1. Of 378, 2, 203, which is farthest on the positive side of the dipole of the chain, counting Cα position, with +1 on Lys and Arg Cβ, -1 on Asp and Glu Cβ, and the Cα centre as origin?
2. Between residue 46 and residue 330, what is the label-point separation in nm under the 7 Å Cα-to-beta-carbon projection?
3. What are the residues whose amide H is under 5 Å from the amide H of residue 193, where those residues sit 5 or more places off or on another chain and H is modelled from the backbone?
4. Considering the chain, what Rg and Dmax in Å follow from its alpha-carbon atoms?
5. Using a 1.4 angstrom probe on the protein heavy atoms only, could you order 25, 273 from most to least accessible area?
6. What is the distance in Å between the Cα centroid of segment 25-48 and that of segment 312-379?
7. Considering amide H positions built from the backbone, and no H for Pro or chain starts, which residues 5 or more places from residue 41, or on another chain, come under 5 Å of its amide H?
8. From largest accessible area down, sort 74, 98; use a 1.4 Å probe on the protein chains.
Amino acid sequence: GGSLQTGQAWYQDYNGEGLAREGVIVVNLAYRLGVFGFYADEELITESQHHTTGNYGLLDMIKALEWVRDNIACFGGDPANVTLAGESAGSAAVSALCTSRPAAGLFRKAVLESSTLASIDPPHSYRSLEEALASGKKLKEKYNALSVGDLRAMKAEDLVSEADTQHHITIDGYALEEDPYLSYRKGIHNEETILHGYNAKESGPFLLFSKTTLDNYEDKIRYFLGDYTKEVLKVYPAETNEEAAENWAEIYGAIFFSYPHYCYNRLAVMNHIPVYEYFFSKDNGRLGSWHSGEEIYLYHNIPGHSRLFDKKDRELSDAMTAYLLNFIRNGTPNGSEELPLWPENEDSETLMEFGDHMGIISERSLKLYAIIDQMQGWK
C-alpha cells in the first residue's frame, strides 16, 4: 500500500511473521516508488530493450517474482504454488500483474485487498502512456532539465518529493499492454483463482480532513459522476448534514474501492476463474474497517500485548488467517471443518463478511454500481 509513492516491505501489519509461524514461506518484495518507480520519458523508451517506460516499480515486482521462481525452493517453498498478495496500491499492482505478459507463469493465485484496475476507467494509481509522458515532460520543465541525463545528474533528495506527481501504473505496451478490462474481455489473465475484497469504511482516511454538508453534497457527487448525479441522489437522498456526510463516505468508498472489485469479480466469473470475495467490517480501537484495517487480521499480526484488540478480534483474525492459509495451499479458502463455508461469488453479489458478524451477505451498493456501469459503458 501507499499510492505507489510511500510504504515499505517490513510494515508490521503484513510483515510475514504471522503466516511464517503457520509454515508459509513469505517473501515481502520492495520496489521503486514515486518518481524513481513510475516516471516516464521518450528517451527512456529509446534506451529500453523492451521499449518501455513508466513502470519501473512494476518491473521490480516482476523481477522479484522471477527471483522467487528461481530461488524459493532453497527456502522450502514451491515455485509452482506462488500466491501474490497486495493491498491498496499494492493490490492495484497485483491487478496489473494479473494481465501482464512478463508476469505469466510467475504466480498462480491472487489476493487483492481494497483496489483493482478492472473497471473500464480505473480510479487511481493508473494512467495511459500519453498521460505519463506529459507528466514526465512537466517534471523536466519544472527543474529546467533538457534531458534524462540532466535529471540523473540531480541529487535524489531533490527529486524524491515528486512522488505525488509520478505514482501511476502506465499502459506501456510491455509490462502492461492494455487496460486490464480489455485483457480480461479477451480471456487474458495469469491468476488461476482469486481471493479479494474491501472494507466497510474505506473512505475514512481520505475524507478525514474534508467536510461534507448539504451545501456541498451534490457538488461532490457531480465532480465524480457528472450527468448521473441526479440518479445517485435518488439512491442516496440526504436531508441533514449528517446524512450527507454518511452518504458521501459510502459513495466515495464505492467509486474508488468497492466498485472496481465488483468489476473484477464479474470479469473473473466471465473467465471461469474461481473467485471468493470478502467484506471487512470489524471495528476496534485502531483502524477498524477503514482502508487497510483488515491487514493485521488477515496476516495474523495482532500484537499479543495490544489493548486495542480484544478476544473477539483475535478470534476473527484466527478465522481470516485460516481461510487465507487454505487459499494459499489449495486455491480455495475452504477446507477447515470448523470454518463456515465460503462460496464462490458466482453472481458477483455474494460476500463473506468479517466483522462482529461472520457469514455470507449480499453486496450493498448494487444500485450505485449500476449507475457507474452506465456512466462507464460496462458491457
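The values are calculated or read from the model by the stated rules, or taken from the named source; none is laboratory data. Since the structure is predicted, the reported quantities are computational estimates derived from the model, not experimental observations. All Cβ positions, glycine included, derive from the backbone under ideal geometry; neighbour counts span all protein chains shown. Surface areas here come from the heavy atoms of the whole protein model, side chains and all, with no ligands, DNA or RNA. Shrake-Rupley method; radii C 1.70, N 1.55, O 1.52, S 1.80 Å.
1. Of the options given, the answer is 2.
2. If labels sit at residue 330 and residue 46, their model points lie 5.7 nm apart.
3. 110
4. That works out to 20.9, 64 Å for Rg and Dmax.
5. Order by accessible area, largest first: 25, 273.
6. 33 Å
7. HN-HN under 5 Å from residue 41: 54.
8. The residues order as 74, 98, largest area first.
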